[in-house]
Every structure is written in structure tokens, then in C-alpha cells.
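J.: Below you will find the structure I want to go over with you.
The values are calculated or read from the model by the stated rules, or taken from the named source; none is laboratory data. Being a predicted model, the structure only gives us computed values, none of them experimental. All Cβ positions, even for glycine, are placed from backbone atoms using ideal geometry, and neighbour counts span all protein chains on display.
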Amino acid sequence: MVLSPHQAPVWRNWQVVFAVLPALRLSLTACPGRAILRGMKVTRNTPNQLIIADVPWLIGAMLIAFILIFVGAGFAMLADGEWWGILFGLFGGGMGAIAFVLFVRRVQIIFDRANDSIVVRRRSVFGYSQAKLKLSDLDRAILEHSTNSDGDHVERPTLVFGGGPKAGHFPIVDAYTNTGGPKRLVNAVNDWLDA
């Protein structure tokens, strides 16, 4: 196929977009729970306080790059006289924005012996939420197991409360994953409780 001089710049824009997409697609199709659990780490571990936190810088930066690539390519197509560049930029940028809103959230869990409290803080584009629980009601942390649609064994870290008004299971994260992140978090919480 031979491209006219008017079409050649548009084709080069498409080449740039499709050269970058496989790397972005690989990162975006990963389970959001994986991103959360890989980034979630113990930020403070003292006898009186354990803080587990996740600030998803990597997935946030990748989604912003995804949005900018599509919007930039759309503007470049529009500058080349292709009206559908608007649709390309809006659709691609919109999909990236939706993924950003859904997957990028900061989570912090503070276990505090001095105040007999567990504070779970979540911040996202939609706002801020905080849940307070009593540390003395916490029995232990466990792994909840499930099976995903591919038949793979997946798990998530969960706090088990034996008494009080919040008796039952309180998942640390909503998503299940097959990485080693949940086990590390459960071990960190249980070791701190036993100390």
C-alpha cells in the first residue's frame, strides 16, 4: 500500500502509538490488586506502631503516560487534517482516565498499641475515607483464598476480628492476587501482634 504525502504523517503517528501500546497494555491488564499488593509495604514497624501503606506512583504515572500518548496522537492527527483524531484522543484518553479513577488509590493502615486502634485510610479521586477499629478486638491476620476465572489460586490479606461491633473478616484490600504480597502482609501483621 502506498501512502500519499498527506497520509504519511498520520501513519507515523499510528506507528508511535502502536509501538508504545504493548508495554502499557501489559501493565494495565494486570489485576489492580497486584499493583496494590506489590506496592503495599511496611513503612513503620516499632513495638507500639505498625504502618502499612501503598502509594501507587508507578501505575498512576503509567496511566498518565497512556492518557498523554492518546491525547497527543489525537492532536497530531487533528493537526494533520484528520478530524477523527478528536475521537482517537477522546476515546483513548477517556479509557486511560477511567482506569486512573478506578485503580489509583492510596491505602494506609495504622496499627497503634498506645491508642488500641487500627485506622484504615483510603484516598482516591473520589475522596477520602477512614475506618477506625479496636486493636484489642483483632485476633489475627489470615489469607482468604479464592479461584479466579482462569482457575488460578488467588488470595488476599484479611484481618479477623473476634469480638466487638466489627466482628468478622475485614479485607485489607478488595482484590485477590497470586503474588507473594498477601502472605508478606499477613506475616508482618501477625509478627507485630505476637511481639
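J.: Of GLY89, GLY74, GLY93, which residue is surrounded by 14 or more Cβ atoms within 10 Å (Cβ to Cβ), outside the structural domain of GLY181 (by TED's automatic domain parsing) and within 19 Å of the chain's Cα centre (by Cα)? Explain how you work it out, then say what you get.
T.: Working: GLY89 fails: within 19 Å of the chain's Cα centre (by Cα); GLY74 fails: within 19 Å of the chain's Cα centre (by Cα).
Unique residue meeting the criteria: GLY93.
J.: Look through LEU63, LEU102 and report the one residue that is over 25 Å from ASP139 (Cα atoms) and exposed (fewer than 14 other Cβ atoms within 10 Å of the Cβ).
T.: Of LEU63, LEU102, the one residue that is over 25 Å from ASP139 (Cα atoms) and exposed (fewer than 14 other Cβ atoms within 10 Å of the Cβ) is LEU102.
J.: Can you list the strands (runs of 3 or more DSSP E) lying wholly within segment 51-148 that have 1 or more residues being in contact with a Gly (Cβ under 6 Å, 6 or more places away or on another chain)?
T.: 127-134, 138-147
J.: Oh, and also: Could you count how many residues in segment 176-195 are under 11 Å from MET40 (Cβ atoms) and either outside the structural domain of ARG121 (by TED's automatic domain parsing) or not in a helix (DSSP H, G or I) (or both)?
T.: Of the residues in segment 176-195, 2 are under 11 Å from MET40 (Cβ atoms) and either outside the structural domain of ARG121 (by TED's automatic domain parsing) or not in a helix (DSSP H, G or I) (or both).
J.: Pick from LEU138, LEU133: which is closer than 17 Å to PRO171 by Cα, free of Cβ contacts under 8 Å to residues at least 40 places away in the same chain, buried (at least 17 other Cβ atoms within 10 Å of the Cβ) and among the hydrophobic types (A, V, I, L, M, F, W, C)?
T.: LEU133
J.: Before we move on, is PHE111 surrounded by 15 or more Cβ atoms within 10 Å (Cβ to Cβ), in contact with a Pro (Cβ under 8 Å, 6 or more places away or on another chain) and under 30 Å from ASN187 (Cβ atoms)?
T.: For PHE111, the condition - surrounded by 15 or more Cβ atoms within 10 Å (Cβ to Cβ), in contact with a Pro (Cβ under 8 Å, 6 or more places away or on another chain) and under 30 Å from ASN187 (Cβ atoms) - is not met.
J.: Filter segment 121-145 for residues that are modelled with pLDDT of 90 or more and among the aliphatic types (A, V, I, L, M) and give the result.
T.: LEU135, LEU138, ALA141, ILE142, LEU143
J.: Right, another one. Return yes when SER149 is closer than 20 Å to ASN48 by Cβ, in the same structural domain as ILE51 (by TED's automatic domain parsing) and among the small types (Gly, Ala, Ser) and no when it is not.
T.: So SER149 does not fit the description; no.
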